[in-house]
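Below you'll find the structure, written out as structure tokens, and then a few comments.
Every number in this text was worked out from the coordinates using simple rules, so none of it is lab data. It should be emphasised that the depicted structure is a prediction, and the values quoted were computed from it without experimental measurement. All Cβ positions, glycine included, derive from the backbone under ideal geometry; neighbour counts span all protein chains shown.
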Amino acid sequence: MLIMHEKSIVTGPVRVDREKKTLIEYILRKPSYGWVDHEGSLVIPSTSQMIGEFFSRLNIFRTKKNWLAFFGWTKTLLLIACLFVFLLHYFNFLLLGIAFIYSMVIMGTHGTIWYHRYCTHRAYTFSNSFWRFITRNLTINVIPEEIYVISHHVHHARSDQPGDPYNASGGFLYCFLADVNHQPISDNLSEDDYARVVGLMEHTGIKTNSYTQYQKWASVARPVRSVLEWAFNWTFWAAVFYLAGGKALVFALFGAAGFWAIGVRTFNYEGHGRGKNKQREGVDFNKKDRSINQLWPGYVAGEWHNNHHLFPSSARSGFLRYQLDLAWCYIRLLKTFGAVKSYHDAKKVFLTKHRQPYLNQRKDCNT
């Protein structure tokens, strides 16, 4: 397991050798501009530095170790091309509405169900690999699990601190380009450290590289296997959409997936107050970072972000009556007919330790 650090907004200098660090501090590939300056403060790179880093890390001709970032953005750009085809050739308001629901609600909720609560936090377990496979492929494949999962562990360990791969204090572009600039795993892990990284991914069902293969590709995921799984997923959904509504529906929904792929890269910037403290009393109970609960991502994707940071391993993050949690609805539904074996639900703990004391305090203040 990774050893997590205490979380606070301000940190001191980081001046220790790797032997004295925990894996969480060097598990990701450090950008050329670094994480911290000589005083231990967050390095906020210039726009040109971030764009330069971005294209350098997408360059597969420079090194094949860039393949995963290149693969992720290749899929995104293909989906964006589908969006333009839809807008230019097949646009109508009915399809726009369907695409909107698919992008915002279905893709968004699936991201929470699969990448967030299962792959990263293991908030629930499947009864068998069949239901894991079905859940993984419920929507058009966009994000490589490895890019999301490993970096998200770091995000929780160093939330809003230097080293957080999508630290909102770094600015919009710092977060938007993070999947390439900050989220890939380190390319020089020891064999023991790499084994620990693999341990964070094994439950997802992806076929992992051996250590020798990792040294060649700098990834947990196998390139050929990843491409074949992507081809299967896209072929299946293209066929389903074509049978349901022809080419127009294919381009509408694949384009919607492209819209989501761009939008999801903005979430942590917004979900952490754009780098400012926008937390509200009685709404945001986790004070260890700048995460906030927002109505839109909460309702369309079950992403009540401050609640999630308070209880990361909970399969439910919509704890209050108005906090609809569609991701939790899916998990609970699968549990009713045995597809999900177990889950962790922190709602009662939240109400007892956080919500009720807050209500009691308000009552005392009003008497």
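Label-to-label distance for Asp187 and Lys335 is 4.3 nm, based on points extended 7 Å past Cα in the beta-carbon direction. Length available on full extension from Phe93 to Gln49: 0.36 nm per residue minus the Cα-Cα distance, which gives 11.8 nm. A straight line joining the Cα centroids of the range 342-367 and the range 191-251 runs 41 Å. Residues of the range 173-217 with amide nitrogen under 12 Å from the 7 Å Cα-to-Cβ point of Lys64? Answer for the range 173-217: 213-217.
Cα centroid separation, the range 46-118 to the range 316-330: 26 Å. A straight chain from Asn137 to Leu77 at 0.36 nm per residue would run longer than the Cα-Cα distance by 19.6 nm. Does the chain come out rounded, prolate or oblate, given a ≥ b ≥ c as the square roots of the eigenvalues of its C-alpha gyration tensor, rounded meaning a/c under 1.5 and, failing that, prolate meaning a/b above b/c? It is rounded, given that a/c, with a ≥ b ≥ c, falls under 1.5. For the range 60-184, the gyration tensor built on C-alpha atoms gives an oblate shape. Its axis ratio a/c (a ≥ b ≥ c) is at least 1.5, and a/b is not larger than b/c. Helix-only arithmetic for the chain: the sum of -39500 (n - 2.57) across DSSP H runs with n ≥ 4, divided by the residue total, places the mean residue ellipticity at 222 nm at -14000 deg cm²/dmol. Taking label points 7 Å from Cα along the Cα-to-Cβ direction, Tyr322 and Val240 give a separation of 3.4 nm. Lysine pair count for the range 56-282 (Cα-Cα distance under 18 Å; residues 8 or more apart in sequence or on different chains): 6.
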